[in-house]
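> Here it is: the structure, laid out below.
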Amino acid sequence: MKIGDNLKPCGDPSLLPPRLLVVGVGFLGLKLLELLQERKDDAWGLRRGNSNIARQILACDITRPADLSNIASQLGKIDTVVHCASSGRGGVEAYQKVFLEGTNLLLKILNPDKFLFVSSTSVYPQVDGSEVTEESEAIGTRETSKILLEAEHVVLEHGGTVVRCAGIYGPGRSVILKRFLTGDAQIDSRGLVENLKNGRLLNQIHRDDAASALAFLLKNQSQFEREIFNLSDAHPMTQVEVYRGLIKQLGGELPRKDEPDMKRKRAWTHKAVSSAKLQSLGWKPLYPDFLAALENDERLLPSIQKQIALSPGVK
C-alpha cells in the first residue's frame, strides 16, 4: 500500500478538528497514538515500514524530504507534531539524521503550530547522586546526547515543548528484569563514585505512564511553549534497592558487584531525575516505581520470561 492510499479528503481545514501527528509509532509512539485515538483526537501516526490505514498509520522516513512532502499533501494542515521516533539502536549518524535533521525537516515541511519533542535524561551528566531537575546542568557527555541538546534547542526556538524521558520499560521491554532473570545483572560498586555500595541510581518510566504523560501535555500544550519537562516515575531507585525487591518477589540472589560499564549507550550516570514539575501540573504515574509495576502490571514479567525462553543463550 502506498502512502495515502484510501485516505479521505482533508476538506476545508477551517471546519476540521486539529490534526495531530505522532512521529515514530514504536514502543512508546503506538501506545500514545492509541490513547489519543481513544479520546477521539484526530491523531495519525508515522513509521518506517508499511501503512495501516485502519489505524491511521502511514509509512514515512522523516529523513527524506519527499516522504514528508507526500505526507503534507495527503494529510493537509498538521496542528501538532509529536516527535518520539527512535534511532533504531543506531549511533551518532542515526541520531543526527533522526533527531536533528528529522526535527528540522518536520518543522520546515509540515510547519505545525505546536511541536513536542521526546528527548532523553541522558543529557544530564551528573554522577554524584544528586537530584536533577529541569534547571540542572544539561551538557551531554557523548556525541549522541549533544545531538539531542541541539535538537531540543531547535524545538524550543520554534516555541515547542521538550520532554526529557528516563529509561522506558514495559511489556516486552525491560533490560533490568531480563538481566536479572538471566543472571547477567551487576551492581556498579566502583569507578567514578566512591562508596557506591548500593550501586548507581536508576531512573525509569513505564511505557504506559510515558504515553499518558505525553497525552496530558498535548491536551494542555498551549500553556507550555518553550518549556522543558523531565519524565520519570516518582521514585528513582538504586540498583541494590531494585534487585532486593526483585529477590523478594521472584527469589534469587543479589547480582555481583563490579566496575560500571562505561560503554552504555545512554552514558554512565548516577543521579535522581525529578519529575516534580510535571506532577505538579496534575499528572501522576500509574506505576510510581519499577517494583510497583512488576507487582501490578500482569503483562511485564511473563513478557520478559517469554523473550528469554524464545532466545536461549542470548542475554
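The values are calculated or read from the model by the stated rules, or taken from the named source; none is laboratory data. It should be emphasised that the depicted structure is a prediction, and the values quoted were computed from it without experimental measurement. No Cβ is skipped: glycine too gets one built from the backbone with ideal geometry, and neighbour counts run over all protein chains shown.
> If you take the residues of region 133-166 that are in a helix (DSSP H, G or I) and of a type in the set (A, V, I, L, M), which of them is farthest from ASP289 (Cα to Cα)? Spell out the reasoning first.
As a first pass, look at region 133-166 and keep what is in a helix (DSSP H, G or I): 143-157.
When the remaining residues are screened for being of a type in the set (A, V, I, L, M), the result is 147-149, 151, 154-156.
Numbers: ILE147: 29, LEU148: 26, LEU149: 27, ALA151: 29, VAL154: 32, VAL155: 30, LEU156: 30 Å.
The selected residue is VAL154.
> Within region 260-282, can one find any residue that is among the charged types (D, E, K, R), closer than 14 Å to SER189 by Cβ and not in a loop (DSSP other than H, G, I, E, B)? Spell out how you get there, then give the answer.
Of all residues in region 260-282, those among the charged types (D, E, K, R) come to 261, 263-266, 271, 277.
So of that shortlist, the ones also closer than 14 Å to SER189 by Cβ come out as 261.
So of that shortlist, the ones also not in a loop (DSSP other than H, G, I, E, B) come out as none.
So far as region 260-282 goes, no, none of its residues is among the charged types (D, E, K, R), closer than 14 Å to SER189 by Cβ and not in a loop (DSSP other than H, G, I, E, B).
> So, one more: I need the full set of residues from region 55-98 which are part of a loop (DSSP other than H, G, I, E, B), in contact (Cβ under 8 Å) with a residue 24 or more places away in the chain and of a type in the set (Asp, Glu), in order please.
Selection gives ASP79 alone.
> Scan region 222-236 for residues that are charged (D, E, K, R) and out of contact with any helix residue (DSSP H, G or I) (no Cβ under 7 Å at 6 or more places or on another chain) and report the count. Give the derivation first.
So in region 222-236, the residues charged (D, E, K, R) come out as 225-227, 233.
Filter once more, so that each one left must be out of contact with any helix residue (DSSP H, G or I) (no Cβ under 7 Å at 6 or more places or on another chain): 225, 227.
Going through region 222-236 one residue at a time, the tally reaches 2.
> Also, quick follow-up: Does SER69 meet the test of being surrounded by fewer than 23 Cβ atoms within 10 Å (Cβ to Cβ), at pLDDT 95 or above and polar (S, T, N, Q)?
Working: surrounded by fewer than 23 Cβ atoms within 10 Å (Cβ to Cβ): yes; at pLDDT 95 or above: yes; polar (S, T, N, Q): yes.
Here the answer is yes, as SER69 does meet what is asked.
> Would you check if there is a residue in region 229-242 being at positive phi and touching a residue at least 12 places away in the same chain (Cβ under 8 Å)?
Of the residues in region 229-242, the ones at positive phi are none.
No: region 229-242 contains no residue that is at positive phi and touching a residue at least 12 places away in the same chain (Cβ under 8 Å).
> Okay, moving on. Sort through ASP233, ASP258, ASP297 and tell me the only one that's at pLDDT 95 or above and over 25 Å from LEU116 (Cβ atoms).
Working: ASP233 fails: over 25 Å from LEU116 (Cβ atoms); ASP258 fails: at pLDDT 95 or above.
The unique qualifying residue is ASP297.
> Got a number for residues in region 266-308 being in contact (Cβ under 8 Å) with a residue 60 or more places away in the chain and either touching a Cys at 6+ places or on another chain (Cβ under 9 Å) or farther than 29 Å from LEU218 by Cα (or both)?
Residues that pass the stated criteria total 10.
> So, one more: Of everything in region 210-253 that's acidic (Asp, Glu) and under 21 Å from the mean Cα position of the chain (by Cα), which residue is nearest to GLU298 (Cα to Cα)?
At the first step, the residues of region 210-253 found to be acidic (Asp, Glu) are 225, 227, 233, 241, 253.
Subset that is under 21 Å from the mean Cα position of the chain (by Cα): 225, 227, 233.
Numbers: GLU225: 37, GLU227: 35, ASP233: 18 Å.
Restricting to residues being acidic (Asp, Glu) and under 21 Å from the mean Cα position of the chain (by Cα), the top hit is ASP233.
> When residues of region 202-225 are filtered for being modelled with pLDDT of 95 or more and outside any helix (DSSP H, G or I), how many remain?
5
> May I pose another question? Please count how many residues of region 1-50 are under 21 Å from LEU106 (Cα atoms), assigned to a loop (DSSP other than H, G, I, E, B) and at pLDDT below 95.
Here the count works out to 10.
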